[in-house]
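Below is one structure. I have some questions about it.
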């Protein structure tokens, strides 16, 4: 079984989860919004991981590389636990909709697709003859 955790500073994770559900996500999401109350992050993360069987896949999507939220999940990384920082909607949707087993290669490919979805529209040149939608 696969578990997906979306974690962030403040409420970004909740907004991302809501957006993913709106766009058709069917995966069950565990949302961790850090620093919105007085509950320390480390015990919340430990409690969440203790609820998962050791053999299950866990995909953790966080907001900021090397941020405190990302660091709270880093000790859990392993052969079945994948931690991805700097998540955007395109990347999260790609990973959540995939039914393939999680692999480093597959996640790296999804990250590249997520990068390609970020563009400065001011400088994006559209080829002549493309249909507008």
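Taking the conditions exactly as written (buried (at least 17 other Cβ atoms within 10 Å of the Cβ) and closer than 30 Å to residue 119 by Cβ), does residue 52 satisfy them or not?
Criteria not met by residue 52.
Against the condition in a helix (DSSP H, G or I), touching a strand residue (DSSP E or B) at 6+ places or on another chain (Cβ under 9 Å) and over 17 Å from residue 89 (Cβ atoms), how does residue 48 come out, does it pass?
yes
Name the residue that is nearest to residue 42 (Cα to Cα), counting only residues in the range 62-84 that are in a loop (DSSP other than H, G, I, E, B) and touching a residue at least 24 places away in the same chain (Cβ under 8 Å).
Taking the range 62-84 first, the residues in a loop (DSSP other than H, G, I, E, B) are 63-67, 77, 79-80.
Still in the running and touching a residue at least 24 places away in the same chain (Cβ under 8 Å): 63-64, 67, 80.
Values: 63: 16, 64: 17, 67: 13, 80: 20 Å.
If we take residues in the range 62-84 being in a loop (DSSP other than H, G, I, E, B) and touching a residue at least 24 places away in the same chain (Cβ under 8 Å), then 67 is nearest to residue 42 (Cα to Cα).
What tally of residues in the range 96-119 results from selecting those that are surrounded by 10 or more Cβ atoms within 10 Å (Cβ to Cβ) and in a loop (DSSP other than H, G, I, E, B)?
The qualifying residues number 4.
Next question. Regarding residue 10, is this residue on the phi > 0 side of the Ramachandran plot and modelled with pLDDT of 95 or more?
Criteria met by residue 10.
Within the bounds of the range 85-95, is there any residue that is assigned to a strand (DSSP E or B) and at pLDDT 95 or above? Give the steps one after another, and end with the answer.
Taking the range 85-95 and keeping what is assigned to a strand (DSSP E or B), we get none.
Checked the range 85-95: no residue is assigned to a strand (DSSP E or B) and at pLDDT 95 or above.
The values are calculated or read from the model by the stated rules, or taken from the named source; none is laboratory data. Since the structure is predicted, the reported quantities are computational estimates derived from the model, not experimental observations. Glycine also receives a Cβ, built like all others from the backbone with ideal geometry; neighbour counts cover every protein chain displayed.
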